[in-house]
Amino acid sequence: MLPPVLFTPGPVVLDGATLRDGAEPMIYHRTPEFSACVRHCEELLKAALGAHGEERIAIITGSGTAAMEACVLNLFAAGERVLVVNGGDFGQRFVEIAALHDLHVTEIKLAPGQSLTASHLAPHRRGGFRGLLINHHETSTGTLYDLSLVASFCRDEALLLIVDAIGSFLADPLSMSELGLDALIVSSQKALALPPGLSFVALSARAQACVQSVPVRSFYLDLKRYLADATRGQTPFTPAVGLVRQLERRLERLHGGGVAAQIEAVRTRALDFRRKLSGLPFDLLTSTPSNAVTPLVPRGVAPARYVSALAAQGLFVCPNGGELRDRIFRVGHLGDLSSEDNTRLVDALRAIGQHYGLLGTSEE
Ligand SMILES: *Cc1c(COP(=O)(O)O)cnc(C)c1O
(Lines give C-alpha, C1' and ligand atoms only; values in the text may rest on other atoms or scores of the structure.)
Protein backbone atom coordinates (compact mmCIF):
# COMPACT_ATOMS: atom_id res chain seq x y z
CA MET A 1 0.00 0.00 0.00
CA LEU A 2 1.41 3.41 -1.00
CA PRO A 3 1.56 6.10 1.70
CA PRO A 4 -1.39 8.53 1.94
CA VAL A 5 -1.00 11.73 -0.07
CA LEU A 6 -2.57 15.06 0.89
CA PHE A 7 -3.87 17.00 -2.10
CA THR A 8 -5.55 19.28 0.41
CA PRO A 9 -4.81 23.01 0.56
CA GLY A 10 -3.51 22.73 4.12
CA PRO A 11 -2.27 20.93 6.05
CA VAL A 12 0.03 19.58 3.36
CA VAL A 13 2.67 16.87 2.94
CA LEU A 14 5.78 17.98 4.87
CA ASP A 15 9.22 17.40 3.39
CA GLY A 16 11.87 15.33 5.14
CA ALA A 17 13.92 18.30 6.36
CA THR A 18 10.88 19.88 8.04
CA LEU A 19 9.97 16.56 9.67
CA ARG A 20 13.50 16.22 11.03
CA ASP A 21 13.46 19.82 12.33
CA GLY A 22 10.24 19.00 14.17
CA ALA A 23 11.80 15.98 15.88
CA GLU A 24 14.47 17.99 17.72
CA PRO A 25 14.36 18.35 21.54
CA MET A 26 12.34 21.23 22.96
CA ILE A 27 14.14 24.45 23.86
CA TYR A 28 13.33 27.25 26.32
CA HIS A 29 12.11 30.43 24.65
CA ARG A 30 13.05 33.23 27.07
CA THR A 31 16.66 33.12 25.93
CA PRO A 32 18.88 35.23 23.65
CA GLU A 33 19.12 32.27 21.25
CA PHE A 34 15.37 32.07 20.76
CA SER A 35 15.14 35.88 20.44
CA ALA A 36 17.68 35.69 17.63
CA CYS A 37 15.57 32.99 15.97
CA VAL A 38 12.40 35.14 16.15
CA ARG A 39 14.20 38.19 14.75
CA HIS A 40 15.63 36.09 11.94
CA CYS A 41 12.15 34.72 11.17
CA GLU A 42 10.77 38.27 10.94
CA GLU A 43 13.57 39.34 8.60
CA LEU A 44 13.23 36.30 6.32
CA LEU A 45 9.45 36.45 6.31
CA LYS A 46 9.47 40.12 5.37
CA ALA A 47 11.70 39.32 2.41
CA ALA A 48 9.41 36.45 1.35
CA LEU A 49 6.39 38.76 1.53
CA GLY A 50 8.08 41.46 -0.53
CA ALA A 51 7.93 43.77 2.50
CA HIS A 52 10.97 45.94 1.91
CA GLY A 53 10.16 48.97 4.06
CA GLU A 54 9.11 49.68 7.61
CA GLU A 55 6.67 46.77 7.80
CA ARG A 56 6.69 44.77 11.03
CA ILE A 57 5.42 41.26 11.67
CA ALA A 58 3.37 39.83 14.53
CA ILE A 59 3.82 36.08 15.01
CA ILE A 60 0.63 34.61 16.50
CA THR A 61 0.25 31.11 17.88
CA GLY A 62 -3.16 30.32 16.44
CA SER A 63 -4.45 29.24 13.04
CA GLY A 64 -5.00 31.71 10.20
CA THR A 65 -8.39 32.78 11.48
CA ALA A 66 -6.74 34.17 14.64
CA ALA A 67 -4.70 36.49 12.43
CA MET A 68 -7.81 37.51 10.46
CA GLU A 69 -9.59 38.40 13.70
CA ALA A 70 -6.50 40.21 15.05
CA CYS A 71 -6.51 42.47 11.97
CA VAL A 72 -10.17 43.34 12.32
CA LEU A 73 -9.80 44.01 16.06
CA ASN A 74 -6.63 46.06 15.93
CA LEU A 75 -7.08 48.14 12.79
CA PHE A 76 -10.71 49.28 13.04
CA ALA A 77 -12.76 50.86 15.79
CA ALA A 78 -16.35 49.76 16.41
CA GLY A 79 -18.76 51.64 14.17
CA GLU A 80 -16.33 52.13 11.27
CA ARG A 81 -17.40 51.16 7.76
CA VAL A 82 -15.54 48.48 5.80
CA LEU A 83 -15.89 46.84 2.40
CA VAL A 84 -15.44 43.06 2.25
CA VAL A 85 -15.00 41.09 -0.95
CA ASN A 86 -17.07 37.97 -0.32
CA GLY A 87 -16.75 35.25 -2.94
CA GLY A 88 -16.90 32.20 -0.68
CA ASP A 89 -16.32 30.75 2.78
CA PHE A 90 -13.26 32.83 3.64
CA GLY A 91 -14.81 36.11 2.45
CA GLN A 92 -17.85 35.18 4.52
CA ARG A 93 -15.53 34.62 7.49
CA PHE A 94 -14.24 38.22 7.22
CA VAL A 95 -17.85 39.44 7.03
CA GLU A 96 -18.79 37.56 10.19
CA ILE A 97 -15.69 38.60 12.16
CA ALA A 98 -16.18 42.25 11.19
CA ALA A 99 -19.89 42.17 12.09
CA LEU A 100 -19.14 40.47 15.42
CA HIS A 101 -16.80 43.33 16.31
CA ASP A 102 -19.44 45.95 15.42
CA LEU A 103 -18.05 47.21 12.13
CA HIS A 104 -20.53 48.27 9.46
CA VAL A 105 -19.93 45.84 6.62
CA THR A 106 -20.76 46.35 2.96
CA GLU A 107 -20.22 43.19 0.98
CA ILE A 108 -19.00 42.92 -2.57
CA LYS A 109 -20.70 39.60 -3.24
CA LEU A 110 -19.23 37.42 -5.97
CA ALA A 111 -20.63 34.14 -7.25
CA PRO A 112 -18.45 31.06 -6.60
CA GLY A 113 -15.54 31.19 -9.04
CA GLN A 114 -16.41 34.65 -10.33
CA SER A 115 -13.43 36.95 -10.96
CA LEU A 116 -13.22 40.41 -9.42
CA THR A 117 -13.35 43.31 -11.91
CA ALA A 118 -13.22 47.11 -11.70
CA SER A 119 -16.99 47.21 -12.16
CA HIS A 120 -17.46 45.49 -8.77
CA LEU A 121 -15.48 48.23 -7.03
CA ALA A 122 -16.70 51.32 -8.91
CA PRO A 123 -20.11 51.63 -7.15
CA HIS A 124 -18.32 51.91 -3.79
CA ARG A 125 -16.31 55.04 -4.50
CA ARG A 126 -16.69 57.73 -1.84
CA GLY A 127 -18.78 55.42 0.28
CA GLY A 128 -17.35 56.63 3.59
CA PHE A 129 -15.36 53.44 4.13
CA ARG A 130 -12.29 53.15 6.34
CA GLY A 131 -10.92 49.94 4.87
CA LEU A 132 -11.27 47.00 2.51
CA LEU A 133 -10.75 43.36 3.41
CA ILE A 134 -10.11 40.66 0.82
CA ASN A 135 -8.78 37.12 0.53
CA HIS A 136 -6.19 37.17 -2.26
CA HIS A 137 -7.05 33.56 -3.03
CA GLU A 138 -10.60 32.60 -1.99
CA THR A 139 -9.47 29.07 -1.22
CA SER A 140 -12.99 27.66 -0.90
CA THR A 141 -13.48 28.16 -4.65
CA GLY A 142 -9.85 28.24 -5.85
CA THR A 143 -10.36 31.74 -7.21
CA LEU A 144 -7.52 34.27 -7.30
CA TYR A 145 -8.43 37.95 -7.19
CA ASP A 146 -6.59 40.77 -8.95
CA LEU A 147 -4.87 42.62 -6.12
CA SER A 148 -3.41 45.39 -8.25
CA LEU A 149 -6.97 46.42 -9.13
CA VAL A 150 -7.93 46.50 -5.46
CA ALA A 151 -4.73 48.25 -4.41
CA SER A 152 -5.24 51.09 -6.87
CA PHE A 153 -8.89 51.47 -5.75
CA CYS A 154 -7.77 51.66 -2.11
CA ARG A 155 -5.04 54.16 -2.94
CA ASP A 156 -7.55 56.44 -4.72
CA GLU A 157 -10.05 56.14 -1.89
CA ALA A 158 -7.48 56.30 0.94
CA LEU A 159 -8.70 52.99 2.40
CA LEU A 160 -6.73 50.64 4.61
CA LEU A 161 -6.17 47.47 2.60
CA ILE A 162 -6.18 44.19 4.53
CA VAL A 163 -5.21 41.12 2.51
CA ASP A 164 -5.60 37.55 3.67
CA ALA A 165 -2.96 35.80 1.56
CA ILE A 166 -3.10 32.56 3.53
CA GLY A 167 -4.17 30.63 0.44
CA SER A 168 -1.80 32.33 -2.03
CA PHE A 169 1.47 33.03 -0.19
CA LEU A 170 4.30 31.12 -1.96
CA ALA A 171 1.84 29.81 -4.57
CA ASP A 172 1.02 33.02 -6.45
CA PRO A 173 3.23 36.12 -6.81
CA LEU A 174 2.60 38.86 -4.26
CA SER A 175 4.58 41.85 -3.02
CA MET A 176 3.45 43.79 0.03
CA SER A 177 5.49 46.95 -0.53
CA GLU A 178 4.85 47.13 -4.26
CA LEU A 179 1.09 46.88 -3.77
CA GLY A 180 1.13 49.16 -0.73
CA LEU A 181 -0.79 46.71 1.48
CA ASP A 182 -1.50 47.74 5.07
CA ALA A 183 -1.91 44.29 6.52
CA LEU A 184 -0.93 40.97 5.03
CA ILE A 185 -2.01 37.73 6.68
CA VAL A 186 -0.36 34.32 6.16
CA SER A 187 -0.21 31.07 8.09
CA SER A 188 2.04 28.06 8.52
CA GLN A 189 0.07 25.16 7.06
CA LYS A 190 -0.48 26.13 3.42
CA ALA A 191 2.33 26.68 0.88
CA LEU A 192 4.79 27.38 3.67
CA ALA A 193 4.37 23.63 4.24
CA LEU A 194 4.82 23.60 8.01
CA PRO A 195 2.46 22.02 10.54
CA PRO A 196 -0.63 24.10 11.40
CA GLY A 197 -0.49 26.42 14.41
CA LEU A 198 1.26 29.67 13.50
CA SER A 199 -0.12 32.70 11.72
CA PHE A 200 1.50 36.00 10.80
CA VAL A 201 0.32 39.56 10.32
CA ALA A 202 2.64 41.94 8.48
CA LEU A 203 1.71 45.58 9.13
CA SER A 204 2.61 48.71 7.17
CA ALA A 205 3.80 51.82 9.04
CA ARG A 206 0.27 53.22 8.70
CA ALA A 207 -1.26 50.03 10.09
CA GLN A 208 1.20 50.05 13.01
CA ALA A 209 -0.07 53.54 13.87
CA CYS A 210 -3.66 52.20 13.84
CA VAL A 211 -2.62 49.41 16.19
CA GLN A 212 -1.37 52.03 18.65
CA SER A 213 -4.55 54.12 18.51
CA VAL A 214 -7.45 51.66 18.18
CA PRO A 215 -8.85 50.44 21.52
CA VAL A 216 -8.70 46.63 21.46
CA ARG A 217 -11.17 44.47 23.34
CA SER A 218 -9.05 41.35 23.38
CA PHE A 219 -6.20 40.27 25.64
CA TYR A 220 -4.59 37.52 23.54
CA LEU A 221 -4.96 39.27 20.18
CA ASP A 222 -3.85 42.77 21.18
CA LEU A 223 -1.18 43.43 18.54
CA LYS A 224 0.39 46.24 20.59
CA ARG A 225 1.86 43.55 22.82
CA TYR A 226 3.20 41.57 19.84
CA LEU A 227 4.85 44.59 18.24
CA ALA A 228 6.41 45.73 21.51
CA ASP A 229 7.80 42.28 22.34
CA ALA A 230 8.99 41.61 18.80
CA THR A 231 11.47 44.50 19.08
CA ARG A 232 13.44 42.24 21.46
CA GLY A 233 12.70 39.05 19.49
CA GLN A 234 9.99 37.80 21.79
CA THR A 235 6.26 37.10 21.77
CA PRO A 236 3.86 38.17 24.57
CA PHE A 237 2.76 34.62 25.36
CA THR A 238 4.41 31.22 25.01
CA PRO A 239 4.58 30.64 21.26
CA ALA A 240 4.52 27.25 19.56
CA VAL A 241 8.27 27.11 20.16
CA GLY A 242 8.99 24.06 18.02
CA LEU A 243 7.04 25.53 15.10
CA VAL A 244 8.95 28.80 15.28
CA ARG A 245 12.21 26.88 15.03
CA GLN A 246 10.84 24.86 12.08
CA LEU A 247 9.81 28.16 10.52
CA GLU A 248 13.31 29.61 10.74
CA ARG A 249 14.83 26.56 9.04
CA ARG A 250 12.14 26.47 6.38
CA LEU A 251 12.61 30.16 5.60
CA GLU A 252 16.39 29.70 5.40
CA ARG A 253 15.95 26.91 2.85
CA LEU A 254 13.37 28.97 0.98
CA HIS A 255 15.79 31.86 0.67
CA GLY A 256 18.51 29.51 -0.48
CA GLY A 257 16.32 28.33 -3.36
CA GLY A 258 14.45 31.58 -3.94
CA VAL A 259 10.83 32.56 -3.46
CA ALA A 260 10.18 32.90 -7.19
CA ALA A 261 11.45 29.35 -7.76
CA GLN A 262 9.13 28.04 -5.04
CA ILE A 263 6.12 29.75 -6.66
CA GLU A 264 7.17 28.41 -10.06
CA ALA A 265 7.32 24.87 -8.64
CA VAL A 266 3.73 25.11 -7.38
CA ARG A 267 2.61 26.60 -10.69
CA THR A 268 4.32 23.85 -12.68
CA ARG A 269 2.60 21.21 -10.54
CA ALA A 270 -0.81 22.84 -10.95
CA LEU A 271 -0.41 23.13 -14.73
CA ASP A 272 0.85 19.53 -14.94
CA PHE A 273 -2.26 18.34 -13.09
CA ARG A 274 -4.65 20.41 -15.22
CA ARG A 275 -2.99 19.18 -18.41
CA LYS A 276 -3.18 15.52 -17.37
CA LEU A 277 -6.85 16.03 -16.58
CA SER A 278 -7.81 16.78 -20.18
CA GLY A 279 -10.34 14.32 -21.57
CA LEU A 280 -11.75 13.55 -18.11
CA PRO A 281 -15.30 14.58 -17.16
CA PHE A 282 -14.50 17.78 -15.24
CA ASP A 283 -14.94 21.48 -15.73
CA LEU A 284 -12.98 24.18 -13.86
CA LEU A 285 -15.06 26.38 -11.55
CA THR A 286 -13.12 29.54 -12.32
CA SER A 287 -11.24 31.15 -15.19
CA THR A 288 -8.81 32.80 -12.73
CA PRO A 289 -7.54 29.91 -10.59
CA SER A 290 -4.78 30.20 -8.00
CA ASN A 291 -1.76 27.95 -8.52
CA ALA A 292 -2.52 26.52 -5.09
CA VAL A 293 -5.77 24.73 -5.89
CA THR A 294 -7.75 23.34 -8.82
CA PRO A 295 -11.52 23.56 -8.17
CA LEU A 296 -13.20 20.78 -10.14
CA VAL A 297 -16.84 20.57 -11.23
CA PRO A 298 -17.46 16.88 -12.01
CA ARG A 299 -19.89 16.07 -14.81
CA GLY A 300 -22.31 13.22 -14.14
CA VAL A 301 -21.21 12.07 -10.65
CA ALA A 302 -21.55 13.85 -7.29
CA PRO A 303 -18.29 15.28 -5.90
CA ALA A 304 -18.66 13.30 -2.67
CA ARG A 305 -18.29 10.04 -4.62
CA TYR A 306 -14.90 11.10 -5.92
CA VAL A 307 -13.80 12.37 -2.51
CA SER A 308 -14.64 9.13 -0.70
CA ALA A 309 -13.43 6.77 -3.44
CA LEU A 310 -10.09 8.63 -3.49
CA ALA A 311 -9.78 8.64 0.31
CA ALA A 312 -10.23 4.85 0.30
CA GLN A 313 -7.01 4.73 -1.76
CA GLY A 314 -5.15 7.15 0.53
CA LEU A 315 -5.58 10.12 -1.80
CA PHE A 316 -7.03 13.07 0.10
CA VAL A 317 -8.72 15.84 -1.87
CA CYS A 318 -10.88 18.52 -0.34
CA PRO A 319 -14.69 18.41 -0.31
CA ASN A 320 -16.72 21.61 -0.07
CA GLY A 321 -19.48 22.53 2.32
CA GLY A 322 -22.56 24.69 1.94
CA GLU A 323 -24.02 25.49 -1.44
CA LEU A 324 -20.99 24.07 -3.26
CA ARG A 325 -21.12 20.68 -1.56
CA ASP A 326 -22.90 18.98 -4.43
CA ARG A 327 -21.08 20.92 -7.12
CA ILE A 328 -17.30 20.87 -6.63
CA PHE A 329 -14.30 19.38 -4.90
CA ARG A 330 -10.78 20.81 -4.79
CA VAL A 331 -7.32 19.46 -5.48
CA GLY A 332 -4.40 21.23 -3.80
CA HIS A 333 -0.91 21.55 -5.26
CA LEU A 334 0.97 22.60 -2.11
CA GLY A 335 3.57 20.77 -0.06
CA ASP A 336 5.92 17.97 -0.99
CA LEU A 337 4.05 16.64 -4.06
CA SER A 338 5.52 15.40 -7.32
CA SER A 339 4.44 14.98 -10.91
CA GLU A 340 4.14 11.23 -10.14
CA ASP A 341 1.66 12.07 -7.39
CA ASN A 342 -0.38 13.98 -9.98
CA THR A 343 -0.29 10.99 -12.32
CA ARG A 344 -1.44 8.69 -9.53
CA LEU A 345 -4.35 11.00 -8.72
CA VAL A 346 -5.40 11.47 -12.35
CA ASP A 347 -5.27 7.69 -12.94
CA ALA A 348 -7.52 7.23 -9.93
CA LEU A 349 -9.94 9.91 -11.17
CA ARG A 350 -10.05 8.21 -14.58
CA ALA A 351 -10.79 4.84 -12.99
CA ILE A 352 -13.63 6.33 -10.96
CA GLY A 353 -15.06 7.95 -14.10
CA GLN A 354 -14.91 4.58 -15.86
CA HIS A 355 -16.55 2.87 -12.90
CA TYR A 356 -19.53 5.21 -13.31
CA GLY A 357 -19.62 4.70 -17.07
CA LEU A 358 -18.55 8.27 -17.83
CA LEU A 359 -15.66 7.17 -20.02
CA GLY A 360 -14.92 4.24 -22.26
CA THR A 361 -13.32 1.36 -20.37
CA SER A 362 -10.36 1.23 -22.73
CA GLU A 363 -7.29 3.37 -22.04
CA GLU A 364 -6.88 6.44 -24.20
C1 LIG B 1 -6.78 28.22 5.17
C2 LIG B 1 -7.30 29.61 5.07
C3 LIG B 1 -7.60 30.39 6.22
C4 LIG B 1 -7.31 29.96 7.63
O5 LIG B 1 -8.01 28.97 8.13
P6 LIG B 1 -7.51 28.33 9.51
O7 LIG B 1 -8.24 27.04 9.52
O8 LIG B 1 -7.93 29.26 10.59
O9 LIG B 1 -6.02 28.23 9.43
C10 LIG B 1 -8.04 31.68 6.04
N11 LIG B 1 -8.18 32.22 4.82
C12 LIG B 1 -7.89 31.53 3.71
C13 LIG B 1 -8.06 32.20 2.39
C14 LIG B 1 -7.45 30.21 3.80
O15 LIG B 1 -7.14 29.54 2.68
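What helices (runs of 4 or more DSSP H) lie completely within the stretch 236-340 and have 1 or more residues being open to solvent by less than 40 Å² (accessible area, probe 1.4 Å) and under 22 Å from LEU198 (Cα atoms)?
Details: elements: 241-257, 259-276, 303-311.
Ranges flagged: 241-257, 259-276.
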*Residues satisfying the stated conditions in the stretch 106-128, i.e. surrounded by 20 or more Cβ atoms within 10 Å (Cβ to Cβ) and either among the hydrophobic types (A, V, I, L, M, F, W, C) or more than 26 Å from ARG330 (Cβ to Cβ) (or both)*: LEU110, LEU116, LEU121
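Out of the residues in the stretch 62-103 that are of a type in the set (S, T, N, Q), part of a helix (DSSP H, G or I) and within 16 Å of the ligand (Cβ to nearest atom), which is nearest to LEU324 (Cα to Cα)? Lay out the reasoning, then the answer.
Applying the first criterion (of a type in the set (S, T, N, Q)) to the stretch 62-103 yields 63, 65, 74, 86, 92.
Among the residues that remain, those that are also part of a helix (DSSP H, G or I) are: 65, 74, 92.
From the residues that got through so far, the ones that are within 16 Å of the ligand (Cβ to nearest atom) too are 65, 92.
On the way: THR65: 21, GLN92: 14 Å.
Here the residue is GLN92.
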*Look at the stretch 193-219 and say how many of its residues are open to solvent by 40 Å² or more (accessible area, probe 1.4 Å) and touching a Ser or Thr at 6+ places or on another chain (Cβ under 9 Å).*
1
*Give just the number: which of (1) in a helix (DSSP H, G or I); (2) touching a residue at least 40 places away in the same chain (Cβ under 8 Å); (3) more than 16 Å from the chain's Cα centre (by Cα); (4) farther than 22 Å from LEU243 by Cα does HIS40 not satisfy?*
(4)
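Considering only residues that are part of a loop (DSSP other than H, G, I, E, B) and surrounded by fewer than 18 Cβ atoms within 10 Å (Cβ to Cβ), which ones fall in the stretch 43-61? Steps first, answer last, please.
Step one: list which residues in the stretch 43-61 are part of a loop (DSSP other than H, G, I, E, B), which gives 49-55.
Result: HIS52, GLY53, GLU54.
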*Of the numbered conditions (1) under 21 Å from ASN74 (Cβ atoms); (2) buried (at least 24 other Cβ atoms within 10 Å of the Cβ); (3) of a type in the set (D, E, K, R), LYS190 satisfies every one except a single condition; which is it?*
(1)
_Answer residue from the stretch 341-364, given it is more than 15 Å from SER278 (Cα to Cα) and in a loop (DSSP other than H, G, I, E, B) and is modelled with the lowest pLDDT among those_ = SER362
*Take the residues of the stretch 1-37 that are among the aliphatic types (A, V, I, L, M), assigned to a helix (DSSP H, G or I) and touching a residue at least 60 places away in the same chain (Cβ under 8 Å): which is farthest from GLY180 (Cα to Cα)?*
ALA17
*Looking at (1) touching a residue at least 40 places away in the same chain (Cβ under 8 Å); (2) over 18 Å from GLN92 (Cα atoms); (3) touching a Gly at 6+ places or on another chain (Cβ under 7 Å), find the lone condition where ALA151 falls short.*
(1)
*For the stretch 152-175, indicate whether the set of residues that are surrounded by fewer than 22 Cβ atoms within 10 Å (Cβ to Cβ), away from the ligand (no atom under 16 Å from the Cβ), in a helix (DSSP H, G or I) and aliphatic (A, V, I, L, M) is non-empty.*
no
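The values are calculated or read from the model by the stated rules, or taken from the named source; none is laboratory data. Remember, it's a predicted structure, so these values are computed and weren't measured experimentally. Reconstructed Cβ throughout: ideal geometry from the backbone, glycine too, with neighbour counts over all protein chains shown. Only protein heavy atoms, including side chains, enter the accessible area calculation; ligands, DNA and RNA are left aside. Shrake-Rupley method; radii C 1.70, N 1.55, O 1.52, S 1.80 Å.
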